Structures are given as structure tokens and as C-alpha cells.
Amino acid sequence: MTEWFETTETTEEAIMAATYRALRAHGYAGTTISRIGEEFEKSQSLLYYHYDDKDDLLADFLSYLLDRLEADLRATTVTEPRERLEALLDKLAPVDPDVERRQFFQALLEMRAQTPHQPVYREQFERSDALIVDDITATIEAGIEEGVFETVAAEQTAEYIYSTLYGALDRCVTLGQWDSLAQTRRELDRYIETRLLTVEASE
């Protein structure tokens, strides 16, 4: 995910990278247009030219994240269902995220908490949830068709996996219990091994 902000060839990419750095440094509440401007490599006047306020910019930032995630999912070369599912879990919730990733997770969850009052945020997070659940669902359906996964209700199973991961991330951020993320991943791996994989695939 951090690699999405390494290239800043366009003004949009530079603004998104500056927003990413500001969110990591200050969290959602502490991030302002001015602080994003401090991270911006070009004239701050460009920020005010493109955006009226912080919420407009952050809504675009969320959309940018989702566009990159969607592009990554389409471009993946991993086609074996079990490997694809594990790769997606690693991307969404790495077992031992570094400090940079933890800071960013915190900012995202702070933004998600604003959705009851910010329809523009809610729209993007609804899109995010649908994108991820749809990809997990499609992966499970492919696994069932190939005889790798048991015949399960694919969408409900995808919802369970995603909700479990999200709950673990929320706990990590709000309580600082990052060890619980590794524990949750181990339990999900065990679930996949014992409940989702066919006997033949697990041998």
C-alpha cells in the first residue's frame, strides 16, 4: 500500500502522497489543508485551487486509494484460489505491520468513524467494503469450481472473513493490541485450512 505514494509524477499523485504523509503524522483530526500543504512538494495554492476544504480532499484521497486497490486486484498474477485469498489477507492486514502502516490504519479508522456525518466518506467506504467482499467472494467461488474449496455460501463466507479482519484492525487501533492481529490471522488461516479447503487440497 505504501508503494502507491512513491511515484508523484502528476499533481494528483503529489497531492495524494502529501495527504498520506499528513494523515500518518497527524491522524484524521489533526490533518488540515495547511498541514497537507506542509507535506506538498509544490505550491500550496494548488491545493486551494483544487479543493474547497479538507473533507473534499479526503474524499478524493479515499477514491484514489480504492482505484489503486482495484487496479492491483485486477493486475495480480496469482490465480490459484488459496494463494490469492492469502495474498489479499496479507495486503489488507499484514501480520506484523510496521509503524508507518499502523499510523495509516489509525487514520483510516478515524475517517471511517466520521461516516455517519460525512456522506462523501460513507460512499467511499461502502465502495471499499463491496470491492473487497466481492473479490473474496469471487476467489472462493473459483476455489469451489476448481475443487479447492468446499461448497460453501461464498458471499457469506467472504463477509465473515472480512468482518473478522476489520474487527481485529479496529481493536488494534483503538486499544493498541497489535499482537491480536497476528492471532486473528492465525485463526483465519486455521479456518481456511479446516473449514474451507477440501480434504484433497489440504493434503
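The values are calculated or read from the model by the stated rules, or taken from the named source; none is laboratory data. None of these values were measured; they are calculated from a predicted model. When we count neighbours, we look across all protein chains shown, and the Cβ atoms used for this are built from the backbone with ideal geometry, even at glycine.
Right, A29: closer than 18 Å to E110 by Cβ and either exposed (fewer than 14 other Cβ atoms within 10 Å of the Cβ) or modelled with pLDDT under 85 (or both) or not?
Considered against the rule, which asks whether it is closer than 18 Å to E110 by Cβ and either exposed (fewer than 14 other Cβ atoms within 10 Å of the Cβ) or modelled with pLDDT under 85 (or both), A29 comes out as yes.
Picking from R171, R185, which residue would you name as being basic (K, R) and closer than 19 Å to R84 by Cβ?
Selected residue: R185, the only one of R171, R185 that is basic (K, R) and closer than 19 Å to R84 by Cβ.
Could you pull out the residue among A138, A130, A182, A153 that is outside the structural domain of F61 (by TED's automatic domain parsing) and in contact (Cβ under 8 Å) with a residue 60 or more places away in the chain?
The unique qualifying residue is A182.
Just for helices (runs of 4 or more DSSP H) wholly inside segment 52-150: which have at least 3 residues that are surrounded by fewer than 15 Cβ atoms within 10 Å (Cβ to Cβ)? Break it down into steps so the answer makes sense when it comes.
Working: elements: 54-75, 81-92, 99-112, 119-145.
So the answer is 54-75, 81-92, 119-145.
Quick one: V173 ticks every box in (1) loosely packed, with under 14 Cβ neighbours inside 10 Å; (2) in contact (Cβ under 8 Å) with a residue 24 or more places away in the chain; (3) within 30 Å of G27 (Cβ to Cβ); (4) not basic (K, R) bar one, so which box is it?
For V173, the exception is condition (1).
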